[in-house]
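Enquirer: This is the structure, below, for whatever I ask next.
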Amino acid sequence: NKNIFIDGGLNAGLNLLKVRKIDGTIVTFKNLKFNGGTQSSDSLVTFLNTFDTTHYLLLLNASYVPGSSLLTANAKAKLRQFGSVYCDTIGYISYFHSLLMKL
């Protein structure tokens, strides 16, 4: 019974939801703006390291962020651990590329 509205430019960038498997409760919402450098990818990996087998991940790449950057190899490797088969095809984050997760 929780909604997160990701529109209107308020949450531009990569939006991540940590969801509890047993009941679908949103545990954490995180927004990352990939605006150059590796800091955002490092933040993504740090966030993904908080997951265990009782959670699943939902991602949404929403809207333009000036100076956007690519995912680092480390971030792509971590997304592959979550079952992503498309993370290697992603270009610049925050330029309306779809980040698809096949779990």
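The values are calculated or read from the model by the stated rules, or taken from the named source; none is laboratory data. What you see is a predicted model, and the numbers here were worked out from it, not measured in a lab. Positions of Cβ are backbone-derived with ideal geometry, glycine not excepted, and every protein chain shown enters the neighbour counts.
Enquirer: Among the residues in segment 19-28, are any closer than 17 Å to CYS87 by Cβ and either in a loop (DSSP other than H, G, I, E, B) or modelled with pLDDT under 85 (or both)?
Expert: no
Enquirer: Moving to a separate point now. Could you please find all residues in segment 36-51 being part of a loop (DSSP other than H, G, I, E, B) and more than 15 Å from ARG80 (Cα to Cα)?
Expert: GLY36, GLY37, THR38, THR50, listed by residue number.
Enquirer: Also: Tell me yes or no: at least one residue of segment 62-81 is in contact with a Ser or Thr (Cβ under 8 Å, 6 or more places away or on another chain) and over 18 Å from GLY13 (Cα atoms).
Expert: yes
Enquirer: Starting from segment 6-31, take each residue that is more than 10 Å from LEU58 (Cβ to Cβ) and among the hydroxyl-bearing types (Ser, Thr, Tyr) and list its partners that are part of a loop (DSSP other than H, G, I, E, B) and at pLDDT below 90, counting only C-beta distances under 9 angstrom and pairs at least six apart or across chains.
Expert: Correct list of pairs: THR25/ASN1; THR25/LYS2.
Enquirer: Given the residues LEU70, LEU57, which is the only one that is in a strand (DSSP E or B), out of contact with any strand residue (DSSP E or B) (no Cβ under 6 Å at 6 or more places or on another chain) and surrounded by 14 or more Cβ atoms within 10 Å (Cβ to Cβ)?
Expert: After applying the criteria, what remains is LEU57.
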